[in-house]
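K.L.:
Sharing a structure here in structure tokens format.
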Amino acid sequence: MESSSSNQNKVAEALLSPYQTFAGVSNPPALTSLYARYDGEKIQFAIPFALRPGDHLIITVLPQEEELAEREDWFALSAAGLAEAYGDNEPEYTLAHIKEWNPDYEGG
């Protein structure tokens with residue numbers, strides 16, 4: 001039995017296959033981005049747009065305004081915490097200030 005991940009990959013490959021031949025095509029299909037809102041039953045486009053049977057879509061769900069406001073609150077709290085941790089007169093540390101190197105550090 002195939003995993004749902006494998007099935008999802010096959011579906012994605014089937015949907016994207018018409019777009020994977022761009023290299024040899026002089027006029028690839030144009031991509032169009034549209035703003036829309038889901039009303040609980042249907043996707044409602046902000047401007048009229050006619051879809052044809054067989055059109056391929058990529059749907060990106062944007063966070064709701066409340067989620068964005070909450071995220072901004074978390075960013076503000078993080079920035080305030082950093083501001084408290086480091087003062088205005090914090091010294092600038094360079095590699096010359098390192099007394100003992102960490103041999104397990106993988107960042108270089």
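K.L.:
When you go through Gly40, Gly108 one by one, which is the residue that is part of a loop (DSSP other than H, G, I, E, B), at positive phi, modelled with pLDDT under 85 and exposed (fewer than 10 other Cβ atoms within 10 Å of the Cβ)?
P.N.:
Details: Gly40 fails: modelled with pLDDT under 85.
Answer to the check: Gly108.
K.L.:
Next question. Going by what's in this entry, would Ala30 be described as at pLDDT below 85, surrounded by 10 or more Cβ atoms within 10 Å (Cβ to Cβ) and not acidic (Asp, Glu)? Talk me through it step by step, then tell me what you get.
P.N.:
Working: at pLDDT below 85: yes; surrounded by 10 or more Cβ atoms within 10 Å (Cβ to Cβ): no; not acidic (Asp, Glu): yes.
Against the criterion (at pLDDT below 85, surrounded by 10 or more Cβ atoms within 10 Å (Cβ to Cβ) and not acidic (Asp, Glu)), Ala30 does not qualify.
K.L.:
Failed condition for Arg52, given (1) exposed (fewer than 10 other Cβ atoms within 10 Å of the Cβ); (2) basic (Lys, Arg); (3) not in a loop (DSSP other than H, G, I, E, B), with all others met?
P.N.:
Of the numbered conditions (1) exposed (fewer than 10 other Cβ atoms within 10 Å of the Cβ); (2) basic (Lys, Arg); (3) not in a loop (DSSP other than H, G, I, E, B), the odd one out for Arg52 is (3).
K.L.:
Let me ask something else. Return the only residue of Glu67, Glu84, Glu72, Glu90 being loosely packed, with under 10 Cβ neighbours inside 10 Å, part of a helix (DSSP H, G or I) and either out of contact with any strand residue (DSSP E or B) (no Cβ under 9 Å at 6 or more places or on another chain) or at pLDDT below 85 (or both).
P.N.:
Values: Glu67 fails: loosely packed, with under 10 Cβ neighbours inside 10 Å; Glu72 fails: loosely packed, with under 10 Cβ neighbours inside 10 Å; Glu90 fails: part of a helix (DSSP H, G or I).
Of the residues listed, the single one that is loosely packed, with under 10 Cβ neighbours inside 10 Å, part of a helix (DSSP H, G or I) and either out of contact with any strand residue (DSSP E or B) (no Cβ under 9 Å at 6 or more places or on another chain) or at pLDDT below 85 (or both) is Glu84.
The values are calculated or read from the model by the stated rules, or taken from the named source; none is laboratory data. Not measured: the values here are computed from a predicted model. As a convention, Cβ positions derive from the backbone with ideal geometry for all residues, glycine included, and neighbour counts pool all protein chains shown.
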